[in-house]
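The values are calculated or read from the model by the stated rules, or taken from the named source; none is laboratory data. The structure presented is a predicted model; accordingly, all values stated were derived computationally and were not measured. For neighbour counting, all protein chains shown are included, and Cβ atoms are generated from backbone atoms with ideal geometry for every residue, glycine included. These accessible areas exclude ligands, DNA and RNA; they are computed on the full protein's heavy atoms, side chains included. Shrake-Rupley method; radii C 1.70, N 1.55, O 1.52, S 1.80 Å.
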Amino acid sequence: MNIYRTHKLGELRAENIGETVTLSGWVATKRDLGGLTFIDLRDREGVTQIVVPQDATEEMKETISKIRSEYVIKVTGEVKERFSKNDKIATGDVEVFITSIEVLNKAEILPFEISDDANVNENLRLKYRYLDIRRPAMMNNIRKRHDMMMSIRNYMDTNTFIEVDTPILTKSTPEGARDFLVPSRMNEGKFYALPQSPQLFKQLLMIGGVEKYFQIAKCFRDEDLRSDRQLEFLQLDMEMSFVTMDDVMEYVEGLAKTVFTKVTGNQVNYSFEKMPYYEAMSRFGSDKPDVRFGVELKDLTSIMKDCGFKAFSGIANSGGIVNAIVAPGQATNFSRKVLGDLETYVKTYFGAKGLAWIKVTEEGVNSPIAKFFSEEEMAEILETTGAKVGDVILILADKAKVVYGGLGALRLKFGNELGLINKDSHKFLWVVDFPMFEWSEEEKRYKAQHHPFTSIKEEDMEMFLAGDQMDKVRTNSYDIILNGFEIGGGSIRIHDRKVQKVVFEQLGLTEAEIKEKFGFFVEAFKYGAPPHGGLAFGVDRWLMAMLKKDSIRDVIPFPVTNKGQCLLTEAPGNVDIEQLEELSLESTFKEEK
Ligand code: ASP
């Protein structure tokens, strides 16, 4: 028998009444009431009420009087029916009248109260994460994370995937982010890169004949952080041979449903819609749309071509677009101040030049730009947008990127702030057929939108090989979206060396660069590469989306702040000159005085 406990603290029920039990845990609260002392004793499974009887020995009373919150204690006593039952906790029918008590360890006064209700500053929670984890809500998140991992591993194993681990100290992987570098002591002047993903290795595993691979892998990307992104993150990485897009998506959909049910307790009774990238952009202004609500973008470009409003016709006739969204029922709520704030928002974050609006009222339309349109044009605007009396139409005209960015963000803002999203609902979606290339204005060259190993759609191959309209070339790629979060993405890969070569060329890589960066990889493709494809989930973001948390930090046991700092360990920290010397490094950093 365990000397510390016969039961966990979430376990005792009415059936246990009369039994003698031993319990251990943390003192959550202690209350003195008319000669009786009550202690709520907590462990990871729950809370049990402990009662110190009036006739306790003096020694016991003395011990109790010194006990404070978060002391670790062990008690023995008898389970009795509780006089006033507490239906909020599982053990609420009973209490334990103790006959002995032992303090296993004391605790100093804590920096914050261990309670889900306490409103604690996040930085303090991160500094004392081990105390934060004692809170039932955080403990629940940790447990959900575990449930998720177990359910992933079960699913993958059942579907005959083999788990293979790949190196952390490795070479750069082209996922488009900045690398974390690790200097090599044994190879002076040389660096390892931490993996941005196991992409190259998993493709090599396919050449190695593994056929179905998975791994729950740590990945590292030195990017600016956001509420749904951390420097190091977990990927569920997978790859399969002899498959098409549909095969990969079928496995992944099954997995997403299984894990969702395990974590949330809800079933997913629908097949995921597959939406082409261009459709997602033009309808929702986003490649990861939250399709739990409408407010879709409407294209007014053709109406504007001959209109009298030069700002719009000019853009419509020179390759730009004019799009609108409707804020339902907001004609009276959206004052000039609110509209001004919305305009500032799209100007600041998306580089829009202005935001036009039209209010539809009982008396007709009300808008500073109404005078520029004929009656027919206005009627067309109303018809295309579907705006009704009481609605506000918001219009952006610019390059597609600015219009989609701005209206896509306004759409989400309305969804959240005007209560248009049913927060209890969930919607999975596939976004497919992403373009291969993205023009980088800064670098004046094409960059791979996904990574350079993504295969090209058969229909677009001719265009690609001709070097024609490169930004229209589409790939066999797919992202999986949950409630507007991109939780995973992947593609069918290029397995033909000739095509791979052209992609590298289009990306502006010279022979020497290809050899230096991916020599080993290109070499491997000489020896019989099977057709293959795969996908990776961002495990943390996936869990965050399932649990509907606002911050990815809530589902990661030990996260860093937005500045990439671990407040608990105080990493990143300083290093000694000797350590740098050993690595043949010198720091050019000068502390500002
Ligand atoms: N390696 C890719 C990523 O990290 C996923 C994939 O293509 O399988 O986004």
Next item on the list: Quickly run through the stretch 1-43 and pick out the residues that are open to solvent by 70 Å² or more (accessible area, probe 1.4 Å) and assigned to a strand (DSSP E or B).
Entry: THR20, TRP26, ARG31, ASP32, LEU33
Check: If you scan the stretch 85-112, which residues turn out to be loosely packed, with under 13 Cβ neighbours inside 10 Å and β-branched (Val, Ile, Thr)?
Finding: ILE109
Check: How about the stretch 489-523: which of its residues are β-branched (Val, Ile, Thr), free of Cβ contacts under 8 Å to residues at least 40 places away in the same chain and farther than 17 Å from ARG445 by Cβ?
Finding: VAL522
Next item on the list: Working only within the stretch 160-174, note down all residues that are open to solvent by less than 50 Å² (accessible area, probe 1.4 Å) and either among the aliphatic types (A, V, I, L, M) or away from the ligand (no atom under 14 Å from the Cβ) (or both).
Entry: VAL164
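Conditions tested, residue by residue: (1) out of contact with any strand residue (DSSP E or B) (no Cβ under 6 Å at 6 or more places or on another chain); (2) under 18 Å from ALA280 (Cβ atoms).
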{"position": "GLU375", "(1), (2)": "yes, no"}
{"position": "VAL389", "(1), (2)": "no, no"}
{"position": "GLY415", "(1), (2)": "yes, yes"}
{"position": "LEU418", "(1), (2)": "yes, no"}
{"position": "ASN422", "(1), (2)": "yes, no"}
{"position": "VAL431", "(1), (2)": "no, yes"}
{"position": "GLU438", "(1), (2)": "no, yes"}
Margin query: I'd like to check which strands (runs of 3 or more DSSP E) are fully inside the stretch 395-485 and have at least 3 residues that are under 19 Å from the mean Cα position of the chain (by Cα).
Written below: 428-432, 477-482
Next item on the list: Under 7 Å between Cβ atoms, at least 6 apart or on separate chains: pull out the pairs that start in the stretch 195-212 with a residue that is closer than 14 Å to ASP165 by Cβ and end on any residue that is in a strand (DSSP E or B) and more than 9 Å from the ligand (Cβ to nearest atom).
Entry: PRO195/THR170; PRO195/PHE220; PRO198/GLN215; PRO198/ALA217; LYS202/TYR213; LEU205/TYR213; VAL210/ILE162
Checklist line | Condition check for GLU383: farther than 30 Å from PHE260 by Cα, in contact (Cβ under 8 Å) with a residue 24 or more places away in the chain and of a type in the set (Asp, Glu) | finding: no
Notebook entry, point to check: Just wondering, is there one or more residues in the stretch 224-233 that are open to solvent by 40 Å² or more (accessible area, probe 1.4 Å), within 16 Å of the ligand (Cβ to nearest atom) and assigned to a loop (DSSP other than H, G, I, E, B)?
Noted result: no
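Can you name every residue in the stretch 483-506 that is out of contact with any Pro (no Cβ under 6 Å at 6 or more places or on another chain), within 16 Å of the ligand (Cβ to nearest atom) and not aromatic (Phe, Trp, Tyr)? Give the derivation first.
Filtering the stretch 483-506 down to residues out of contact with any Pro (no Cβ under 6 Å at 6 or more places or on another chain) leaves 483-494, 496-502, 504-506.
Now drop any that are not within 16 Å of the ligand (Cβ to nearest atom), which leaves 485-494, 500.
GLU486, ILE487, GLY488, GLY489, GLY490, SER491, ILE492, ARG493, ILE494, GLN500 - these are the residues of the stretch 483-506 that are out of contact with any Pro (no Cβ under 6 Å at 6 or more places or on another chain), within 16 Å of the ligand (Cβ to nearest atom) and not aromatic (Phe, Trp, Tyr).
Does SER241 satisfy being within 14 Å of the ligand (Cβ to nearest atom), among the hydroxyl-bearing types (Ser, Thr, Tyr), open to solvent by less than 20 Å² (accessible area, probe 1.4 Å) and over 14 Å from HIS495 (Cα atoms)? Spell out the reasoning first.
Details: within 14 Å of the ligand (Cβ to nearest atom): yes; among the hydroxyl-bearing types (Ser, Thr, Tyr): yes; open to solvent by less than 20 Å² (accessible area, probe 1.4 Å): yes; over 14 Å from HIS495 (Cα atoms): no.
The answer is no for SER241.
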Notebook entry, point to check: How many residues, within the stretch 437-456, are within 16 Å of the ligand (Cβ to nearest atom), open to solvent by less than 70 Å² (accessible area, probe 1.4 Å) and without any contact (Cβ under 8 Å) to a residue 60 or more places away in the chain?
Noted result: 4
Notebook entry, point to check: Do we find that VAL360 is open to solvent by less than 20 Å² (accessible area, probe 1.4 Å), without any contact (Cβ under 8 Å) to a residue 40 or more places away in the chain, in a strand (DSSP E or B) and farther than 28 Å from LYS472 by Cα in this structure?
Noted result: yes
Checklist line | Tabulated pairs, the stretch 575-593, first in a helix (DSSP H, G or I), second open to solvent by less than 90 Å² (accessible area, probe 1.4 Å), C-beta under 7 angstrom, 6+ apart or interchain | finding: LEU580/SER587
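Does the stretch 54-74 contain any residue that is closer than 16 Å to ILE17 by Cα, in contact (Cβ under 8 Å) with a residue 12 or more places away in the chain and over 43 Å from the mean Cα position of the chain (by Cα)? Step through it out loud before you land on a result.
Applying the first criterion (closer than 16 Å to ILE17 by Cα) to the stretch 54-74 yields none.
Within the stretch 54-74 (the criterion being closer than 16 Å to ILE17 by Cα, in contact (Cβ under 8 Å) with a residue 12 or more places away in the chain and over 43 Å from the mean Cα position of the chain (by Cα)), the answer is no, since none of the residues qualifies.
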Margin query: Can you tell me which condition PHE558 does not meet? The list is (1) in contact (Cβ under 8 Å) with a residue 12 or more places away in the chain; (2) open to solvent by less than 70 Å² (accessible area, probe 1.4 Å), and all the others hold.
Written below: (2)
Next item on the list: Go over the candidates ASN187, ASN140 one by one and state the one that is open to solvent by 10 Å² or more (accessible area, probe 1.4 Å) and within 28 Å of ASN266 (Cβ to Cβ).
Entry: ASN140
Check: For the stretch 387-422, what are the residues that are of a type in the set (D, E, K, R), open to solvent by 50 Å² or more (accessible area, probe 1.4 Å) and in contact with a helix residue (DSSP H, G or I) (Cβ under 9 Å, 6 or more places away or on another chain)?
Finding: LYS388, LYS399, LYS401, LYS413
Notebook entry, point to check: Out of the stretch 573-584, which residues are surrounded by 11 or more Cβ atoms within 10 Å (Cβ to Cβ) and closer than 27 Å to PHE558 by Cβ?
Noted result: VAL575, GLN579, LEU580, LEU583
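Pick out the one residue from ASN323, ASN266 that is exposed (fewer than 14 other Cβ atoms within 10 Å of the Cβ) and either of a type in the set (S, T, N, Q) or at pLDDT below 95 (or both). Walk me through how you get there before you give the answer.
On the way: ASN323 fails: exposed (fewer than 14 other Cβ atoms within 10 Å of the Cβ).
After applying the criteria, what remains is ASN266.
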Item checked: Yes/no for GLU122 being away from the ligand (no atom under 16 Å from the Cβ) and surrounded by fewer than 16 Cβ atoms within 10 Å (Cβ to Cβ) -> yes
